[in-house]
Amino acid sequence: MFFFNTAFAVALAVKSVAAANTAATTLWFDSSNIIPIGNGRLGAQVLGQFPDEVIILNEDHIWSGSINDPNNKNCPGALPQIRDFIWADDLASAQDLVTNSCMATPLGQQEFQTAGNLTLSFPDAQISNLNHTLDLTTAVATTTYEANGVQFTRTAFASHPDNVIVMRFTASSGGMTEFNAGFVTPMDNPTVTASDNILKLNAMGQSKGGLDGSIKFVVQAEVTVSGPTASIAANDGQLSVTGADEAIMVIAIDTNYIRYDDISGDPQGNVDATLSAVRGKSWDDMLDTHLGDYQPLFNRVQISLGTPSSTSFLPTSQRKDLPDGADADQDLFSLYTQFGRYLAISSSRKTEPSNLQGVWNAATDPGWGSKHTLNINQQMNSWLSEPLNIAETLDPLWNMLTEMAERGITTAAEEYNISRGWVGHHNIGIWRDSAPIDGAQWGMWPMAPAWLMQNVWEHWAFDPSLTDWASETAYPLMKSLSQFYLDFLVAAPSDVEPEQYLVTNPSMSPEHTISGNLALSYGSAIDTALIKDLFNHTIGFANLLGVDSDLVDELTTAMGRLMPIRIGSLGQIQEYARDYDANGPFNHVSQLYPLFPGAQIDPRFNSTLADAARVTLQQRGDSSNGWPTAWRANFFARLLDGEKAYYFMQRLLQLYSYDNLWSYNDIWQIDGNFGGANAVAEMILQSHNGEIHLLPAIPSSWEQGSVSGFRARGGFTLDIEWSGGTLTSATITSTSGTAARVRYGDNAIDLTLEKGGSQTLSTADF
Ligand SMILES: *[C@@H]1O[C@H](CO)[C@@H](O)[C@H](O)[C@H]1NC(C)=O
Ligand SMILES: *[C@@H]1O[C@H](CO)[C@@H](O)[C@H](O)[C@H]1NC(C)=O
Ligand SMILES: *[C@@H]1O[C@H](CO)[C@@H](O)[C@H](O)[C@H]1NC(C)=O
Ligand SMILES: *[C@@H]1O[C@H](CO)[C@@H](O)[C@H](O)[C@H]1NC(C)=O
Ligand SMILES: *[C@@H]1O[C@H](CO)[C@@H](O)[C@H](O)[C@H]1NC(C)=O
């Protein structure tokens, strides 16, 4: 009875912290489904199966291969010829030369791999009332079911401070908790051992592309049982728990990876230290420690987009597929947005940023390598963190970029013969190499780092108190990258461009082709827009910090020579400097980077460009995948078109989400989750180009709602309420900003706030 009471008390504690509207913060299923939990470094997929449960385990440094030098040193010698072919519009010869002279060795990149599975087998029985749930307010996964009149409960969470995954198994009658636990892995050189109460898996990352596996890892589970008849036995690499009232399993995973050039870590020593630090801690203590870390992050933001209806309390898998569309259940969009925040907190803290699959991958050879893809995906993974108030989840990105820049100095020299600055291309992994990979048409794009620098700038824009961070981390990265592009840009010959603009050459518009597989030309719209933003932001930081006035002059001059955005023969935003555009349907809409996530196209200030952006979106089509749909929702939010943004959000949920709301991109890919969450934020609040814009793109379906804790650029948080589609109140609080221009509808007002002060506005103020 003692243990049953403990379980009950925890259940009550968990309930009391839940937001009033559980429909916006609970996922639940009446059958097996993947529930992801993670502490930012460790990931686990809890499947909720019976009698054979599987927990798929990940650690974010378990990758294939080893460090190598991928750079192609023939590239500098070939570049002048490549450029000449492109000026002459001989794109085939240019691309052949890139293929032969510039691509990385090996041509592919290393991949994020699984640790393996914890297998749990329970005594078979007829079960009923399976409920497999995830409470976003606690980040606790719970699976309950009944068998022979006994209620069984499995609970799991991943603790960031304790660095472990914790599971508890209980039953409503004493002595009924029984299972066998083992490990299986597809990874190299596996050994599984069980002794006393410890189950251990040792294995290695695999070899790929001719590079030997070098990551060694240990997964170690420690089980404790309680109750008068409880026992644990170890045999044949399995632990058997019998007759227990309760069993608690604590799982630690570690590797030999310290940083890209240091794999001298001691995985066994690390898991021993981790486990001994929590040994003797009760379940309640571990849960408290976890909640004390997780809830201050998660609870910063509340979102309500409607009154829950009867359908709001259906299993999540059914809510998403309601025949009338989601219209009956608007809080599904709040759930989706909060789930995005949950996934970011769970997959991106302290070590690696979330990759294409977050930190949840069961394979050795996952789709797209489960890498960090840098031509939209990693950036999209990062969008929600600032406006939705979990900026800490970007800390691992800053670390990755700093290390990318270290290795990128060599890439700049060896691939481009550029001796100042650093560069990278369209993918990166834990080895931090970022040479052109996969093939010329995808890989020869040295602009990815410029796009990532936008996230760097935004981090400061949302919190201008970060002057030290700007000086120590952000500005050095941006300055050095700007220097690379100053040397990479070339003046177009006057017979090609009479104005002799400074352009990129070679250049592409990510993953798009001009004809056949030909993708390389000069001066793509995205390249120019990225460089303009980077130079402008580098100037912004230099002025803020009062440094490098010569560089500011150089960048200002170069910015003045960049090509303006062009409108093509079809009325579209032109994708390349030459108007090649066929503009059929395509996932990427890179030429609209200046609309979103950039802000160079803004319908409030230039309708000509905004109209051309609309034409472009129409030509590109609706897409039939997750992240492109999420990007489109953001584009239309920026075009202040709430109905179209909502149309894409509905498509994202209904067509491009798995039952567990994971985003679908032919494979499971997390960017759609993050991009979709950000689109909801953009529909409710925008803050670019000097204005905080309240309810810029609210669809008619979101007639009433309230949000709190949303952040705006300039150093503010906002709580907003509306009803009948009209603003009721907006409270703006300064976190570090003082002056704010706030727009609602056609009017904007200027406010002056004290730091820490706040002001409440209503429709009457506008
Ligand atoms: C690299 O740059 C240096 C200095 O500008 C130049 O002397 C050298 O010829 C260049 N190398 C190649 C392969 O272009
Ligand atoms: C399953 O659990 C969730 C979370 O506690 C709850 O909202 C839902 O109503 C439960 N489902 C059933 C059928 O009891
Ligand atoms: C781990 O479990 C998943 C899901 O059941 C399965 O697809 C995968 O093959 C398992 N891995 C191993 C090594 O058995
Ligand atoms: C430069 O950045 C500032 C701050 O974000 C912005 O207000 C300004 O419009 C930008 N200028 C250009 C030319 O993009
Ligand atoms: C809007 O953009 C177009 C195309 O770049 C430009 O020609 C026009 O001058 C701009 N209009 C305003 C009002 O800035």
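The values are calculated or read from the model by the stated rules, or taken from the named source; none is laboratory data. If you're wondering where the values come from, they're calculated on a predicted model, not measured in any experiment. Positions of Cβ are backbone-derived with ideal geometry, glycine not excepted, and every protein chain shown enters the neighbour counts. Each accessible area value is taken on the protein alone, full model and side chains, heavy atoms only, with ligands, DNA and RNA left out. Shrake-Rupley method; radii C 1.70, N 1.55, O 1.52, S 1.80 Å.
If R0 equals 30 Å, the separation of the Cβ atoms of Lys755 and Val615 corresponds to a calculated FRET efficiency of about 0.10. Of the accessible area of the range 43-88, computed with a 1.4 Å probe over protein heavy atoms only, carbon and sulfur atoms account for 52 percent.
One quarter of the surface of the convex hull around the alpha-carbon atoms of the range 263-308 equals 6.3 nm², the direction-averaged projected area. Starting from the Kirkwood radius over alpha-carbon pairs of the chain, derive D by Stokes-Einstein at 37 °C in a medium of 0.692 mPa s and give it in µm² s⁻¹. Here the translational diffusion coefficient equals 121 µm²/s.
Take the Cβ atoms of Gln654 and Ala92, set R0 to 30 Å, and the FRET efficiency comes out at 0.10. Taking label points 7 Å from Cα along the Cα-to-Cβ direction, Asn417 and Asn689 give a separation of 4.2 nm.
The residues of the range 360-425 present an accessible area of 25 Å² per residue when probed at 1.4 Å with all protein chains retained. For the range 273-414, the spread of Cα coordinates along the three principal axes comes to 61, 45, 32 Å, biggest extent given first. Counting only alpha carbon atoms, the long axis of helix 283-298 and the longest principal axis of the chain meet at about 20°. If you build the convex hull over the alpha carbons only and average its shadow over all orientations, what do you get for the range 217-322? Give it in nm² to one decimal. About 12.7 nm², averaged over all directions. In this label model, Ala234 and Thr410 are separated by 4.2 nm, measuring between points 7 Å along each Cα→Cβ vector.
Charges were assigned to the Cβ only: +1 to each Lys and Arg, -1 to each Asp and Glu. The resulting dipole of the chain about its Cα centre is roughly 560 debye. With 0.36 nm allotted per residue and the present C-alpha distance subtracted, the Thr105-Ser624 stretch has 183.5 nm of extension available. Counting only protein heavy atoms and a probe of 1.4 Å, the accessible surface of the range 341-500 is 47% carbon and sulfur. Each Lys and Arg adds +1 at its Cβ and each Asp and Glu adds -1 at its Cβ; summed about the Cα centre, the range 360-457 shows a dipole of about 120 debye. Local charge for Ala104 was computed over the other residues whose Cβ lies under 12 Å away, with Lys and Arg +1 and Asp and Glu -1, and equals -4. In a solvent-free Debye calculation with one equal scatterer on each Cα, what is log10 I(q)/I(0) for the range 16-174 at q = 0.16 Å⁻¹, listed in the order of the q values? The computed values of log10 I(q)/I(0) come out as -0.93. Shown here for the range 406-456: trypsin sites (Lys or Arg not before Pro) in loop regions (DSSP other than H, G, I, E, B) with at most 15 other Cβ atoms within 10 Å, namely Arg420.
The figure for Glu53 is an accessible area of roughly 0 square angstrom, using a 1.4 Å probe on the protein chains alone. For the residue pair Asn517 and Thr728, what label-to-label distance in nm results when each label sits 7 Å from Cα along the Cα-to-beta-carbon direction? Reported label-point gap for Asn517 and Thr728 is 5.8 nm. Surface composition of the range 98-139: carbon plus sulfur atoms hold 47% of the accessible area, using a 1.4 angstrom probe and ignoring ligands, DNA and RNA. Where in the range 257-279 does the amide nitrogen come within less than 18 Å of the point 7 Å from the Cα of Asn189, taken along Cα to Cβ? Under cut-off, by backbone N: 257-258, 262-271.
The residues of the range 57-206 present an accessible area of 34 Å² per residue when probed at 1.4 Å with all protein chains retained. Compared with the dominant Cα axis of the chain, that is its longest principal axis, helix 671-684 is turned about 70°. Counting charges near Ser482 (Lys, Arg +1; Asp, Glu -1) among other residues having Cβ under 12 Å from its Cβ returns a value of -1. Considering every alpha-carbon pair of the range 529-609, the percent of pairs per 10 Å bin, from zero through the bin containing the longest distance, is 16, 39, 30, 13, 3. If you take all other residues with their beta carbon under 15 Å from the beta carbon of Glu392, and give Lys and Arg +1 and Asp and Glu -1, the sum is 0. Put simply, the range 628-707 fits an ellipsoid with semi-axes of 23, 13, 10 Å; these come from the alpha carbon gyration tensor as the roots of five times its eigenvalues, largest first.
Once the Cα atoms are used to define both axes, helix 2-17 deviates from the longest principal axis of the chain by about 30 degrees.
Here the gap between Ile127 and Ser762, fully extended at 0.36 nm per residue and compared with their Cα-Cα distance, gives a gain of 223.2 nm. Between the beta carbons of Asn543 and Gln295, assuming R0 = 35 Å, the FRET efficiency works out to 0.35 to the nearest 0.05.
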